[in-house]
Structures are given as C-alpha cells and as structure tokens.
Amino acid sequence: MPRPARAATLVGLFLLTGCANVGAQGPDAHDTPAGAPTSPESSAATSAAEGSTASERPGSEPWATTTEPYRGLEGRPNLLALALDGSDGDVVTSMRPDADGLVIDVVTLDGGVVTTGRDSAEAAAFRFPSYATGPQPPRAIVRVQEVADPGALRVDDLDFTFGADFAVDDRSEGAGVDGGNNLIQRGLASDGSQFKIDIDDGMPLCRIEGDGGVLEARIHEEVRPQEWYRVRCARRGEAIRLSLTPITLVGPTAVATASGPLGRLSFRAGLPLSIGGKLAANGAVIRSTTDQFNGLVSEPYLVVADRDAGR
C-alpha cells in the first residue's frame, strides 16, 4: 500500500486498525530495571469490557474515519516527530525532536545498539537489536523524556492517538528476557497508569490503563515478518480503537475496539516514554523482561487533544 512521500530524515508515527479482545493483563508486573535489585511488583486491579472485531467501516460510530474526527485533535502536532540523521548502519545515540520540552536518546544494555535503517519509503528508521536467546541479550531502546513537569507527554483524561510504522524480524520472541516485542509505551502494568502497543505472538495489542480501569484491544491476525505496517491506538472518551494497516502488502485495515471505564492517566514526574522495549521509572532498561522489539520502526506518533477544545 503506497504512502505519501516524506523527507528522508523525518521520523514520526500514525495509527492502525485490528481485531479486538479486551481483558486485564499484567505481563510487566515483575519488571526490574538494569542495575536494580529484583523485587516483585503487584499488578494493578483492572476492569475490562468486551471488544469487537471489524473491518474498517467509514461512518461507523464512534470511529467515523481512520483520520482524526474528534474535536481537539485536528491540526494538533505529533509530539514524537523527530529528525533522524545518518547513513544505513550508523549507530544512533540521540535525535532532534520537533516538539519543545522533550529529550530523545537511546539507552542500552549488554552491548545493544540502535542503528539507522530504511523504512518502506526509504526514509530513515530505527533498526533495533536482533533476537538473541541468551540470559543477557543485547538491548537498546529509544527513550523520550520530558524536561518539565507537567510535561509535553501529559495525556490525563484527554483523547489521544499513538502508534508507529514497523516491520518485525523473522525471529523476534521466545526467550524469557526477549519474550515479546513492545513497540511503544509509557508506564508499566504495575504503575497504575499505562498506554502501550506490543506485537507479542505477531498480533498487535493496545493496552490503556487509567485510574478508572483497563481496556485492551487485540488484532487476531499475525503480521508477516519483514513487511511494513502502520499501527495506531486511539483513546476517545471511555473507548479505545486499535487499527493495523498494511503498507508493503495489499489488504484492508483491521480494527479492534473496546469500551469501559478508564478515567485519568497519571504518570509520575520524569517517567519516560519508550520505543522498542521497556524502561523503568528512572529511564534505565528493564533487565528482567525487556521485551526488546526486534526489527525496524519509523514514524513514532503521539497526538493529544487540545485541553481547551473539549470532545
């Protein structure tokens, strides 16, 4: 599926559609940052609503189109838009964010690196470490941090959309440390607030947790390794929508939705957003279950509604 052309140095993100499954989940409940002692964390109590599986249906409520039909999102900036420089294979250490109030860099563990690759449109992309089965596999994660509190990543109870373009490697999961593919997230399941997309078992999942409950939507269609997709997850009031759109394959957008109590998402000051794996509150790589993304990622995306626009 062709995409609009874009500058070769721009990396941003958009939203996709998939099949749905809703439930409570806490795979991050025992995460331990690199260098920190292992200590079990209790999973937050969750509430879940039944999801739905559907093909894209323009005009269906509350998701009128695959664009941004809700007041407060039109024209809002992509907070994760950034410039990624370098030739293929160059090691990436930091990036230039377009949004004020953010610092973006790469954190590593056990020799992992992020290098520059190319996406389906030949624009610069993040190439994350390959899958490894040992107890200390190489890990590297893109870290996005706020420079003030409250910061640019604040979502509260507002509508927001997040996601990325991605292509997963032929082999990408199975070991305990590198057992999944976490694409983009802020917060862990034990934090009480979280939004994330992962590609575990080859099927995209969106999980959003607030002080009112948890919603999950999963697409029950496996992505093909080495092929590019665009995934988006959106919160609209007390509902979420996950979409998955093929980029290098011809096919329809898949959609999953879920609805139920969510409430407000509250993150402690300084809590980073991560691309390509899991980070602790102090910004260090989670050592015990990193869920390193193995593949390529481009166009990271986060758009938050205008606080003054309403829904």
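The values are calculated or read from the model by the stated rules, or taken from the named source; none is laboratory data. Bear in mind that the values here come from a model prediction, so they are computed numbers and not experimental data. Ideal geometry is used to build each Cβ from the backbone, glycine not excepted, and the neighbour counts take in all protein chains shown. Note: accessible area is taken over every heavy atom of the protein model, side chains too, but ligands, DNA and RNA are not part of it. Shrake-Rupley method; radii C 1.70, N 1.55, O 1.52, S 1.80 Å.
What the table below lists for this structure:
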quantity	calculated
Answer residue from the range 93-104, given it is open to solvent by less than 30 Å² (accessible area, probe 1.4 Å) and at pLDDT 95 or above and is farthest from residue 176 (Cα to Cα) among those	102
Some residue of the range 177-192 being among the hydroxyl-bearing types (Ser, Thr, Tyr) and either open to solvent by 10 Å² or more (accessible area, probe 1.4 Å) or more than 24 Å from residue 263 (Cβ to Cβ) (or both)	yes
Hits in the range 120-162 (condition: of a type in the set (Gly, Ala, Ser) and either in a loop (DSSP other than H, G, I, E, B) or over 17 Å from residue 294 (Cα atoms) (or both))	120, 121, 123, 130, 132, 134, 148, 151, 152
Residue that is basic (Lys, Arg), open to solvent by 10 Å² or more (accessible area, probe 1.4 Å), under 25 Å from residue 84 (Cβ atoms) and touching a Ser or Thr at 6+ places or on another chain (Cβ under 6 Å), where the choices are 230, 287	230
Residue list for the range 170-185, restricted to those being within 19 Å of residue 218 (Cβ to Cβ) and either in contact with a strand residue (DSSP E or B) (Cβ under 7 Å, 6 or more places away or on another chain) or among the acidic types (Asp, Glu) (or both)	172, 173, 180, 181, 182, 183, 184, 185
Residue within the range 116-137 that is touching a residue at least 40 places away in the same chain (Cβ under 8 Å), closer than 23 Å to residue 186 by Cβ and either touching a helix residue (DSSP H, G or I) at 6+ places or on another chain (Cβ under 8 Å) or surrounded by fewer than 19 Cβ atoms within 10 Å (Cβ to Cβ) (or both) present	no
Residue identified as under 25 Å from residue 171 (Cα atoms) and not polar (S, T, N, Q) among 258, 305, 254	254
